[in-house]
2 protein chains.
Amino acid sequence: MITLAHGAGGRLTRRLVEERFLPRLGNAALDAMGDSAIVGDLAITTDSYVVAPRFFPGGDIGRLAVCGTVNDLVVAGAEPIALTAGFVLEEGLALDELERVVESMAAAAGEAGVKIVAGDTKVVQRGACDGLFVNTSGVGRVSRGFAPAPDGARAGDAVLLSGTIADHGMAVLACREGLPLEGDLASDVAPLGGLVRALREAGVDVHAMRDPTRGGLAGALIELAQAAGVRAVVEERAIPLRGSVRAACELTGIDPLHVANEGKLVAIVPGDQAETALEALRADPLGEDAAIVGRIEEGDPGLELLTALGGRRGVQMPLGEILPRIC
Amino acid sequence: MITLAHGAGGRLTRRLVEERFLPRLGNAALDAMGDSAIVGDLAITTDSYVVAPRFFPGGDIGRLAVCGTVNDLVVAGAEPIALTAGFVLEEGLALDELERVVESMAAAAGEAGVKIVAGDTKVVQRGACDGLFVNTSGVGRVSRGFAPAPDGARAGDAVLLSGTIADHGMAVLACREGLPLEGDLASDVAPLGGLVRALREAGVDVHAMRDPTRGGLAGALIELAQAAGVRAVVEERAIPLRGSVRAACELTGIDPLHVANEGKLVAIVPGDQAETALEALRADPLGEDAAIVGRIEEGDPGLELLTALGGRRGVQMPLGEILPRIC
């Protein structure tokens, strides 16, 4: 049976894909399991969005759907060409609400400099879907001479992060559960094209990039490390984290390393280009909290954390669900 | 409020798109409202599938999702490059059932000669979606020298149909409602690339093409006629219709002209190439019942039917729902 854990982006999601999908559908582009599939000079990606609630501090399902898919293209080193939008609507949804979502998609697409060129709308009867789901798919063109790869990380590389972690997941959770949290808890959902362009224009030879969404920073680094057969070593103290997010994580017992981000970039770059890359990221408003958070070493493929207390611990991908329906 | 009628592919769907989506998202590629958007030399399309039941005589949601999206590409004159698949699964769905759907997608993709290169899986809690929805998006390359256009129909053209109508919609309805119908009622769901290739290789200068899905043959012809500012005149007796489908339509009072097809092609070709086109279609197993069903004339944009009894009547797009969730 399918459980919520199968959709959480953890080990069960991966097992579902590896055991049930790949053996039947497998092909080189799909098997690479990058954020986008690379087919010739095209990058192609798809994501369905089922976030609950649909409107949350810092964003909504429409903004999320546009930024999420744009980000899957840009972290593959592609220039977005076009997006599609497929809606499944529940009978009884307020037209005003649909309009707000579409407005938000239009605004986010404008921000990202991409157009939504094709759409589809299905309606199901009351009770057959939870209000509104949207799928966005995206097509981009891969640029010559700038080709980060899912398995591109090499020993000696530095690990850069473009800003604070866990903002998106904790903002959605707090909003959904009515957690009594003060302050600036808000999703970071944003298009990452500017940050990627900054790295590129600074001449950084980015070996690998990810946007750490479902599965969080830990999930992204574990996947990058395993794909390349290397060890990512990250210093806990170096990871930017807002006070309000830290408080929400402590209250709920959730490890921010596993919480989804929707406007952050992880870049693996040659060690001697780390400072250049950091400077490039920080020059962009979305990257002002960017930091060098770790390095790539030889060793057992996976992620190791140097804790604030001076210890070292291996970090596993959670088996399944931490936060359901945060994207 | 959203009603089921907004998703039926009739006038309300069109109004929703024209009034709520286009003003916000509008751009040349989207505004053309073809089966695929044309962006440079790429054709791009998306469709979400919510058919109930998921397995029906002649097909299932997986085969439908692959064929539907492939067909949107090929009727735009494009060669499919790749598909994506985005799943929304309900907690509690049997893994076996998911596997059957994925198997079916793999088989249909093989038949259509296209690969599924990117995927996404979301899971929502019990009750938040009706089992399984799937979005497929597709990217194709538009060929030079073969460019049917949504507004390509011209007075003097012939209207060709590749086979019997209403098979898909009536098969799903009969299966869902348990109608006591005998015989060969089965969906026609199939990839149309071979039929399109046949027309192309026969050197037919196809002016416009559609796969008459939601909205049926009437919907497709009304949209083609309105886009080109011409009148489509169709002879009722010339339209191929299976006996079992006719019986099901009579029993339910549904006009087969408005019922969805998932493996049929409507082609508008120059009058003097109609016989060549017919021969090309009939040479393909999917086109053995192909027929010349009408012609394009000057006149009020729309569709006119020459009835079996010798009368003429204008055909309107239905306002809304005839058959919910047939795709």
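Here are the numbers:
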{"quantity": "Region A:61-99, residues that are within 22 Å of A:Gly127 (Cα to Cα) and of a type in the set (D, E, K, R)", "calculated": "A:Glu90, A:Glu91, A:Asp96, A:Glu97, A:Glu99"}
{"quantity": "Residue match in region A:141-153 (condition: among the β-branched types (Val, Ile, Thr) and surrounded by 20 or more Cβ atoms within 10 Å (Cβ to Cβ))", "calculated": "no"}
{"quantity": "Filtered residues of region B:1-33 (kept if of a type in the set (Gly, Ala, Ser) and open to solvent by 30 Å² or more (accessible area, probe 1.4 Å))", "calculated": "B:Gly26, B:Ala28, B:Ala32"}
{"quantity": "Index of the failed condition, B:Ile326 passing every other in (1) away from chain A (no Cβ under 14 Å); (2) buried (at least 17 other Cβ atoms within 10 Å of the Cβ)", "calculated": "(1)"}
{"quantity": "Any chance B:Ala166 is on the phi > 0 side of the Ramachandran plot, touching a helix residue (DSSP H, G or I) at 6+ places or on another chain (Cβ under 9 Å) and more than 14 Å from every other protein chain (Cβ to nearest Cβ)", "calculated": "yes"}
{"quantity": "Checking B:Glu223 against (1) within 14 Å of B:Ala166 (Cβ to Cβ); (2) modelled with pLDDT under 95, the condition it does not meet", "calculated": "(1)"}
{"quantity": "Evaluation of A:Pro80 against (1) within 10 Å of chain B (Cβ to nearest Cβ); (2) on the phi < 0 side of the Ramachandran plot; (3) in contact (Cβ under 8 Å) with a residue 12 or more places away in the chain; (4) not aliphatic (A, V, I, L, M) (one fails), failing number", "calculated": "(1)"}
{"quantity": "Total residues in region B:2-17, condition more than 30 Å from B:Ser143 (Cα to Cα), in a helix (DSSP H, G or I), within 9 Å of chain A (Cβ to nearest Cβ) and without any contact (Cβ under 8 Å) to a residue 24 or more places away in the chain", "calculated": "1"}
{"quantity": "Pairs, first in the same structural domain as A:Gly215 (by TED's automatic domain parsing) and modelled with pLDDT of 95 or more in region A:235-258, second in a helix (DSSP H, G or I) and open to solvent by 50 Å² or more (accessible area, probe 1.4 Å), C-beta under 8 Å, six or more apart", "calculated": "A:Pro256/A:Arg246"}
{"quantity": "Of the criteria (1) farther than 21 Å from A:Asp72 by Cβ; (2) in contact with a Lys or Arg (Cβ under 6 Å, 6 or more places away or on another chain); (3) surrounded by 20 or more Cβ atoms within 10 Å (Cβ to Cβ), which one A:Met317 fails", "calculated": "(1)"}
{"quantity": "Subset of region A:62-81 (residues that are in contact with a helix residue (DSSP H, G or I) (Cβ under 6 Å, 6 or more places away or on another chain) and in a strand (DSSP E or B))", "calculated": "A:Pro80"}
{"quantity": "The listed residue being within 16 Å of A:Ala220 (Cβ to Cβ), open to solvent by less than 70 Å² (accessible area, probe 1.4 Å) and of a type in the set (A, V, I, L, M), out of A:Ala274, A:Ala308, A:Ala290, A:Ala280", "calculated": "A:Ala290"}
{"quantity": "Region B:18-56, residues that are facing chain A (nearest Cβ under 7 Å) and assigned to a helix (DSSP H, G or I)", "calculated": "B:Arg20, B:Phe21, B:Arg24, B:Leu25, B:Ala29, B:Leu30"}
{"quantity": "Qualifying positions in region A:162-199 - under 30 Å from A:Val269 (Cβ atoms), of a type in the set (Gly, Ala, Ser) and either open to solvent by 10 Å² or more (accessible area, probe 1.4 Å) or assigned to a loop (DSSP other than H, G, I, E, B) (or both)", "calculated": "A:Ser162, A:Gly163, A:Ala166, A:Ala186, A:Ser187, A:Ala190, A:Gly193, A:Gly194, A:Ala198"}
{"quantity": "Any chance B:Ala109 is touching a residue at least 12 places away in the same chain (Cβ under 8 Å), at the interface with chain A (Cβ under 9 Å from one of its Cβ atoms), farther than 23 Å from A:Arg24 by Cβ and among the small types (Gly, Ala, Ser)", "calculated": "no"}
{"quantity": "Residues of region B:200-226 that turn out to be in a loop (DSSP other than H, G, I, E, B) and not hydroxyl-bearing (Ser, Thr, Tyr), as a count", "calculated": "10"}
{"quantity": "Residues that are within 26 Å of B:Lys122 (Cα to Cα) and either modelled with pLDDT of 95 or more or in contact with a Cys (Cβ under 6 Å, 6 or more places away or on another chain) (or both), drawn from region A:132-150", "calculated": "A:Leu132, A:Phe133, A:Val134, A:Asn135, A:Thr136, A:Ser137, A:Gly138, A:Val139, A:Gly140"}
{"quantity": "Qualifying residues in region A:82-123 (those that are outside any loop (DSSP other than H, G, I, E, B) and basic (Lys, Arg)) - the one least open to solvent (accessible area, probe 1.4 Å)", "calculated": "A:Lys122"}
{"quantity": "Scan of region A:124-140 for residues that are at the interface with chain B (Cβ under 8 Å from one of its Cβ atoms), closer than 20 Å to B:Val50 by Cα and open to solvent by less than 10 Å² (accessible area, probe 1.4 Å), ordered by number", "calculated": "A:Val124, A:Ala128, A:Cys129, A:Phe133, A:Asn135, A:Ser137"}
{"quantity": "One residue from A:Ser48, A:Ser36 being touching a Ser or Thr at 6+ places or on another chain (Cβ under 7 Å) and open to solvent by less than 20 Å² (accessible area, probe 1.4 Å)", "calculated": "A:Ser36"}
{"quantity": "B:Val159 being away from chain A (no Cβ under 14 Å) and either among the aromatic types (Phe, Trp, Tyr) or part of a loop (DSSP other than H, G, I, E, B) (or both)", "calculated": "no"}
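Every residue, every condition in (1) in contact with a strand residue (DSSP E or B) (Cβ under 7 Å, 6 or more places away or on another chain); (2) closer than 27 Å to A:Leu179 by Cβ; (3) not β-branched (Val, Ile, Thr), yes or no:
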site: A:His207; (1), (2), (3): yes, no, yes
site: A:Pro212; (1), (2), (3): yes, yes, yes
site: A:Ala218; (1), (2), (3): yes, yes, yes
site: A:Val245; (1), (2), (3): no, yes, no
site: A:Ala280; (1), (2), (3): no, no, yes
site: A:Glu297; (1), (2), (3): yes, no, yes
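The values are calculated or read from the model by the stated rules, or taken from the named source; none is laboratory data. Everything numeric in this text was worked out from a predicted model, so none of it was measured. Don't worry about glycine lacking a Cβ; one is built from the backbone with ideal geometry, like all the others, and counts go over all protein chains shown. The accessibility values were calculated without ligands, DNA or RNA, using every heavy atom of the protein model including side chains. Shrake-Rupley method; radii C 1.70, N 1.55, O 1.52, S 1.80 Å.
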